[in-house]
Amino acid sequence: MNGRIFAAAAVAVVSYAISSLPAFGDNLGYYTPPKLVKQGTSTTPVAGDGTVVIQVLVNPDSSFKVQKIIRSSNPEDNQAAMEIANSAKYAPGTKGGKKIPAFYTYRLKFVVNTKTSAAANPLATYDAEVHAGHYVDARNGLQSYLQSHPDDPQANALLGVAEFFLNNFADSAAAFSKAGTVPSQYATVAANAYAKAAQAAIATKNGAAAVAYATKAKALTPGAPTWNLLGNAELVNNDYPAAIQSFEQARMLSPNDPKLDPKERGTIMANLIAAYADSDQIDKAVALLPEMKQLDPDNMVGISHVVDYYAKKAQAAISAGKTLDAIAAYEKGGSYGGPLAHSMYTNEALLLMRQVRPDWVQVKSVADKALALKPDDARANLAAGVALYNQRNNDGAVSYLEKAESAAKASGDTDAYNMAQHWITEITGAGSGISKPAPTTKPSP
């Protein structure tokens with residue numbers, strides 16, 4: 001290079017943090033039914049004891065339309081029931097956290113002689129309160145009742161429903177667990193309570209609790225969403241083989257689930273790819289990428305975990321003194337694209353610069369790959385600038401180095417900022433033709 005020498009220890013390879021990876025998806029497809037916010041009223045007198053079940057379509061904006069009477073044990077109560085349903089207020093159901101149109105099943109139980117009914121069945125009052133949307137009253141009454149009847153399955157199931165609609169998901173799950181076999185009419189609510197409790201446990205990294213909750217959710221509503229949830233719980237519990245099996249089961253079931261759109265199926269696929277990559281089964285992970293891209297090209301979870309696999313391989317090779325293996329790993333990882341690819345190419349360029357006899361054309365070429373993905377990458381601009389300087393293109397070098405200086409200042413990268421300043425001074429200063437040793441840097445956090 002005609003006397004121009006780059007100080008090999010001047011720039012450190014950017015250290016790669018696992019925390020930069022996109023999170024696994026665990027909230028797909030979960031359905032939370034609409035709920036009654038305020039019970040309606042009726043001007044028509046109740047004719048007698050009976051139960052009327054009405055179907056109400058609740059829209060995302062909480063507007064609604066009463067659809068039909070599903071069944072009635074006393075047709076003379078139907079008019080009063082319809083008036084109550086039409087004057088009530090509802091909250092919409094959700095799927096995957098988004099409000100959706102869904103049906104609310106309004107169960108109205110009419111009891112003319114309430115004192116006689118309450119004496120015969122003390123839970124009738126709490127059951128009526130739950131179905132009327134009076135969840136706080138129902139919860140308080142049931143908690144008092146359970147102090148003297150702790151193992152009453154019906155009371156615990158009703159408490160589970162009340163706690164669920166009060167958004168106390170762990171308490172709801174505990175109540176349903178205490179109830180034992182969940183009554184069929186509460187199965188959907190119980191499954192959602194377990195799923196919500198599992199998600200909360202995943203968020204707090206409580207792997208054992210997450211697996212326990214997710215397993216119960218899957219038992220009540222087996223399907224792709226709950227298998228996917230269980231897989232995420234098993235990951236938090238550091239059980240990768242079990243997680244892979246769960247994600248594979250979710251993947252197998254997802255095409256037959258009409259409620260899952262391609263993006264939700266893509267979430268399952270991305271989770272499976274990530275689990276394979278993180279457990280060193282990179283060939284299986286890579287083989288699934290085309291299917292992942294077809295389902296949801298915007299989902300970067302799987303690709304990012306594949307790229308991170310190669311980043312870890314590169315760091316291990318550097319630690320072992322195998323520089324060429326590290327360079328190859330960075331190049332391979334960057335080739336898959338995604339939000340982390342620019343860092344791979346930047347690290348590769350910086351590592352090439354640390355060779356005893358750097359190939360500056362190659363350094364510039366790799367830096368260009370990084371800059372094509374992230375033009376304001378401070379260290380990629382730094383590598384490009386130094387490469388051009390060593391090819392005697394001073395004007396081009398200064399242009400890149402000034403970009404590096406500006407980007408490093410904006411991002412708080414002190415090492416890159418100092419390096420850029422050093423080389424700008426070197427090039428625009430005395431211009432002796434031989435570079436002075438640059439200040440060394442510490443690895444980025």
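Details
- Of LYS98/LYS263; LYS312/LYS332; LYS205/LYS293; LYS99/LYS218; LYS98/LYS218; LYS218/LYS259, those spanning more than 18 Å from alpha-carbon to alpha-carbon: LYS205/LYS293; LYS99/LYS218; LYS98/LYS218
- Between helix 187-203 and the chain: long-axis angle, C-alpha atoms, 0 to 90°, nearest 10: 30 degrees
- GNM result for the chain, Cα springs below 10 Å: residue of PHE110, PHE165, PHE247 fluctuating most strongly: PHE110
- The phi-based Karplus calculation (6.51 cos²θ - 1.76 cosθ + 1.60; θ = phi - 60°) puts the 3J(HN,Hα) values of the stretch 260-277 at 9, 8, x, 5, 5, 5, x, 4, 4, 4, 4, 4, 5, 4, 4, 5, 5, 5 Hz, whole numbers, x for Gly and Pro.
- Think of it as helices only: each DSSP H run of n ≥ 4 in the chain is worth -39500 (n - 2.57), and spread over all residues that comes to -18000 deg cm²/dmol at 222 nm.
- Extension gain, GLN245 back to LEU324 (0.36 nm per residue minus Cα-Cα distance, nm): 24.9 nm
- For GLY40, residues with placed amide H under 5 Å, excluding near neighbours: ALA88, LYS89
- For the chain, diffusion coefficient by Stokes-Einstein and Kirkwood Rh (Cα), 37 °C, 0.692 mPa s, µm²/s: 126 µm²/s
- Potential lengthening between SER335 and SER87 on full extension [0.36 nm per residue; Cα-Cα distance subtracted]: 83.3 nm
- Net charge contributed by nearby residues that have their C-beta within less than 14 Å of ARG251 (K/R +1, D/E -1): -3
- Using a simple spin-label model with pseudo-atoms 7 Å out from Cα toward Cβ, ALA203 and LYS38 lie 2.9 nm apart.
- Amide hydrogen neighbours beyond the local backbone of THR51, cut-off 5 Å, H modeled: SER73, ASN74, PHE110
- VAL361-ASP376 pseudo-label distance in nm [points 7 Å out on the Cα-to-Cβ vector]: 3.4 nm
- Percentage of interatomic Cα-Cα distances in the stretch 146-238 larger than 15 Å: 54 percent
- Local electrostatic count, ILE84, Cβ distance below 12 Å [Lys/Arg +1, Asp/Glu -1]: +2
- Straight-distance candidates among the lysines for linking to LYS403, with alpha-carbon spacing under 19 Å and chain neighbours fewer than 8 residues away dropped: LYS364, LYS369, LYS374.
- Taking all pairs of distinct alpha-carbon atoms in the stretch 228-291, Kirkwood radius in angstrom: 11.6 Å
- Virtual spin-label span in nm between PHE103 and ASP280, 7 Å along Cα→Cβ: 5.2 nm
Every number in this text was worked out from the coordinates using simple rules, so none of it is lab data. Quantities reported herein were computed from a predicted structural model and do not represent experimental measurements. Note: ideal-geometry Cβ built from the backbone for every residue, glycine included; neighbour counts use all protein chains shown.
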